[in-house]
Structures are given as C-alpha cells and as structure tokens.
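The values are calculated or read from the model by the stated rules, or taken from the named source; none is laboratory data. All values derive from a computational prediction rather than experimental measurement. In this analysis, Cβ positions are derived from the backbone assuming ideal geometry, glycine residues included, and neighbour counts consider all displayed protein chains. What goes into the accessible areas is simple: the full protein's heavy atoms, side chains included, and nothing from ligands, DNA or RNA. Shrake-Rupley method; radii C 1.70, N 1.55, O 1.52, S 1.80 Å.
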Amino acid sequence: MLGVGTSVNDDYKSDIKPDASVAAFSDSFSNISWAPTIPQVFASTAWNGELRIFEVANTGYGSAIIQKMSYSFQQPALKCAWNDQSTQIYVGLMDGSIKVFDIGSSQAADVGRHSAAISSLHFVPGMNTIVSSGYENNI
C-alpha cells in the first residue's frame, strides 16, 4: 500500500498532496472534520492520538495541504467535531473521554465521558452542545 505523496505510477497527478512542511503520518487517520466558518481548513484525528489542523492552500505550484498545528492525546483519537465558530474542536478518545481543544490557547480540557470508546461525535450549531455516542450503546 502506498502512503500519501508516494507513487509507483502516479495516475493522480492533479490530487492535492501535503506540503513538504507536513510531518510524516505515523498512523492511520480515524476522522476528518471541516471547519464550518473556514471552508479550506479541516481537522483530523488519528489512532496514535494526534489531532492535526490543516489548510488547503494555493501555492505557486497548485494546491497543497499545509499543516497549521497539532496536539497529541494519550489515547487514540477516534472522532472530531468543530464548534460553530471554528475556534474549538471536540475530540472523542478510545478511553471514552471527550475533550475540547481550544485553538487559541492550544489547550485541551475534559468535557464528557462514556464508559467505552467514542463511536460518534457531533456539535449542535447555535446550542453550544455536543452529542456523542459510545460503543457501550449510550448517547
């Protein structure tokens, strides 16, 4: 299996690829969520516990994916969802905890918990509320 940016016969020359400044991915992505107020920005979570924020930007050579910031959790990060102002990202972890990552301060805090891994996580716009489900069959 080929990783991002590698090729034997690259039939996808027009695909947007990560900029050289993006650190290598050491594990699989588990979720991607687009920022609601910044259409070219998205967050990703990964099995190694990483939360990364990327921007799709035009460069002198076409479009590229540029990493803007990252944060590492102690558990695999399974799901992510932005708040409606694109200032915070909620992250569901393997241990059942739900964290909020504040982009301005680069800090994470506990906001909820399930007794099993997070299976789904959504922000309800206009209500400042998150809805989550866990593999223990609870919402």
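Quick look at the values:
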{"item": "Pair list, Cβ under 9 Å, 6 or more apart: the stretch 64-90 residue without any contact (Cβ under 8 Å) to a residue 40 or more places away in the chain, other residue of a type in the set (S, T, N, Q) and buried (at least 21 other Cβ atoms within 10 Å of the Cβ)", "result": "Phe73/Thr45"}
{"item": "Of the criteria (1) buried (at least 21 other Cβ atoms within 10 Å of the Cβ); (2) within 24 Å of Val124 (Cβ to Cβ); (3) not aromatic (Phe, Trp, Tyr), which one Gly104 fails", "result": "(1)"}
{"item": "Residue match in the stretch 17-30 (condition: open to solvent by 40 Å² or more (accessible area, probe 1.4 Å), assigned to a strand (DSSP E or B) and modelled with pLDDT of 95 or more)", "result": "no"}
{"item": "Residues of the stretch 117-139 satisfying the condition of being part of a strand (DSSP E or B) and more than 15 Å from Ala43 (Cα to Cα)", "result": "Ile118, Ser119, Ser120, Val124, Thr129, Ile130, Val131, Ser132, Ser133, Gly134"}
